[in-house]
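Below is one structure, written out as structure tokens, with a few remarks after it.
The values are calculated or read from the model by the stated rules, or taken from the named source; none is laboratory data. Just so we're clear, the structure is a prediction, and the values are computed from it rather than from any experiment. For neighbour counting, all protein chains shown are included, and Cβ atoms are generated from backbone atoms with ideal geometry for every residue, glycine included. Ligands, DNA and RNA are stripped out before the accessible areas are found, and what is left, the full protein with its side chains, is counted by its heavy atoms. Shrake-Rupley method; radii C 1.70, N 1.55, O 1.52, S 1.80 Å.
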Amino acid sequence: MKQPNVAICMAEDRQAEEPALRVAMASARLANPGVPIVAFMPNATDAFVHWAGTQGQIDIRRYTPGSGNGWNVKPHALLELLNEGKETVWWIDSDVVVLQTLSTRFAGIAPDALVATEEAEFARYHDEGARAEAWGFEVTRHFGFTLNSGVLRVTRGQQLFLHAWANALRDEAYLAAQGQPWDDRPFHLLGDQDVMTALLCSPQFSQEPVHILRRGTDIIQYFSLGGYSLWERMVDLRTRSVAFIHSQSYKPWRRQELHGAEGRRNVKAVLDDLMSDTSPHSLAALALRPHLGDSCEWARPRTWLGAVLRRTGMGSRALTGLPLAVLADIYRHFFRRQRTAVPRTQ
């Protein structure tokens with residue numbers, strides 16, 4: 001039987017993300033044996049390249065494809081693998097854990113559909129065509145939310161879209177916005193996924209078939225206190241259908257960098273530590289430790305409460321941190337401010 005011509009693609013130009021990449025690659029390799037993993041890493045350390053070479057399946061390319069950089073490299077990297085003859089390519093962000101065999105878990109998705117992800121609810125979630133309007137496009141469809149590009153699947157049929165996406169990421173206004181602080185950027189120029197959302201709502205690509213990976217059932221979007229809600233945890237316990245964990249706002253492998261060598265103990269730092277201690281990404285990383293070539297000390301609990309919540313969670317990602325999820329749901333129901341809405345153009 002002919003094996004599908006599939007690859008998994010990653011890219012990262014920051015050495016500080018290498019611990020997370022070990023987790024992403026090891027999880028993808030173990031869940032998808034035989035599927036090549038291509039990672040574009042122009043600044044990869046020799047130690048990382050050596051580790052990857054001992055794993056099999058992993059091809060480290062120490063250059064940046066096309067003219068992209070940072071997260072703007074995605075369409076260039078995907079196009080390179082499609083041009084090499086791959087029929088299907090999965091993009092996986094460096095802060096994603098892969099939990100299931102992609103070919104079987106998503107066998108029911110139409111083969112010509114572009115696969116993207118529902119944005120985390122506490123991020124810049126809402127979109128009813130506003131990003132397309134802001135780019136000057138007529139709105140011919142909308143998804144009701146921003147598409148997240150942390151996990152994507154493309155096929156050869158999406159090459160025209162990928163070229164358009166790559167060109168839009170070279171737009172002067174977009175590049176100028178990338179040089180601004182995050183909170184000062186126009187909402188439609190925040191990052192690559194805002195551009196992707198705008199294009200897929202425009203007349204040129206509104207007929208492009210899109211399959212959405214949903215929060216809670218397909219992916220855990222671990223963003224802020226509400227990133228893994230009580231409802232999502234109950235669904236996860238019942239179905240075990242989650243295929244990805246995306247550690248969007250909490251980066252346990254970078255805690256020392258974020259809080260300083262001596263560890264600043266302000267409220268935000270303590271909260272970040274607590275959310276990292278109960279993160280499903282951290283739990284998955286520790287489970288993968290034998291395959292990481294790393295002590296994975298960053299994934300161990302740093303707070304006494306985090307350690308208690310891990311013990312009472314009994315190793316379950318859904319039960320670990322459950323009290324925090326309840327508090328977040330109460331906050332969302334009674335006190336949540338409308339911070340996620342984006343303006344519509346006049």
Check: In the stretch 307-319, which residues are within 23 Å of residue 231 (Cβ to Cβ) and outside any loop (DSSP other than H, G, I, E, B)?
Finding: 309, 310, 312, 313
Margin query: Just to be sure I understand, how many residues within the stretch 205-246 are under 27 Å from residue 163 (Cα atoms) and in a loop (DSSP other than H, G, I, E, B)?
Written below: 6
Next item on the list: Check the stretch 224-232 and report whether any residue there is modelled with pLDDT of 80 or more and open to solvent by 20 Å² or more (accessible area, probe 1.4 Å).
Entry: yes
Margin query: I'd like the residue in the stretch 307-346 that is modelled with pLDDT under 90 and of a type in the set (Lys, Arg) and, out of all such residues, is most open to solvent (accessible area, probe 1.4 Å).
Written below: 339
Notebook entry, point to check: in contact with a Pro (Cβ under 7 Å, 6 or more places away or on another chain), farther than 30 Å from residue 105 by Cα and not aromatic (Phe, Trp, Tyr), is that true of residue 173?
Noted result: no
Notebook entry, point to check: Can you tell me which residue in the stretch 265-304 is farthest from residue 328 (Cα to Cα), limited to those that are touching a residue at least 60 places away in the same chain (Cβ under 8 Å) and part of a loop (DSSP other than H, G, I, E, B)?
Noted result: 293
Margin query: For the stretch 175-186, give me each residue that is under 21 Å from the mean Cα position of the chain (by Cα) and either surrounded by 16 or more Cβ atoms within 10 Å (Cβ to Cβ) or of a type in the set (D, E, K, R) (or both).
Written below: 178, 183, 185
Next item on the list: Six or more apart or on different chains, Cβ under 7 Å: which pairs go from a residue in the stretch 159-185 that's under 16 Å from residue 196 (Cβ atoms) to one that's among the small types (Gly, Ala, Ser) and assigned to a helix (DSSP H, G or I)? Could you list them?
Entry: 174/168; 185/177
Checklist line | strands (runs of 3 or more DSSP E) wholly inside the stretch 16-117 that include at least 3 residues being in contact (Cβ under 8 Å) with a residue 12 or more places away in the chain and surrounded by 20 or more Cβ atoms within 10 Å (Cβ to Cβ) | finding: 37-40, 88-92, 96-98
Check: In the stretch 175-204, which residues are touching a strand residue (DSSP E or B) at 6+ places or on another chain (Cβ under 9 Å) and either of a type in the set (S, T, N, Q) or not in a helix (DSSP H, G or I) (or both)?
Finding: 191, 193, 197, 201
Checklist line | From the options 149, 202, residue that is farther than 23 Å from residue 83 by Cα and either of a type outside the set (D, E, K, R) or open to solvent by 60 Å² or more (accessible area, probe 1.4 Å) (or both) | finding: 202
Note to self: Please pick out the residue among 128, 84, 80 that is within 26 Å of residue 188 (Cβ to Cβ) and of a type in the set (D, E, K, R).
What the structure shows: 128
Next item on the list: With the checklist (1) modelled with pLDDT of 95 or more; (2) within 21 Å of the chain's Cα centre (by Cα); (3) open to solvent by 10 Å² or more (accessible area, probe 1.4 Å) in hand, flag the one item residue 161 doesn't pass.
Entry: (3)
Note to self: I'd like the full set of residues that are under 22 Å from residue 218 (Cα atoms) and either open to solvent by less than 10 Å² (accessible area, probe 1.4 Å) or assigned to a helix (DSSP H, G or I) (or both), limited to the stretch 124-134.
What the structure shows: 127
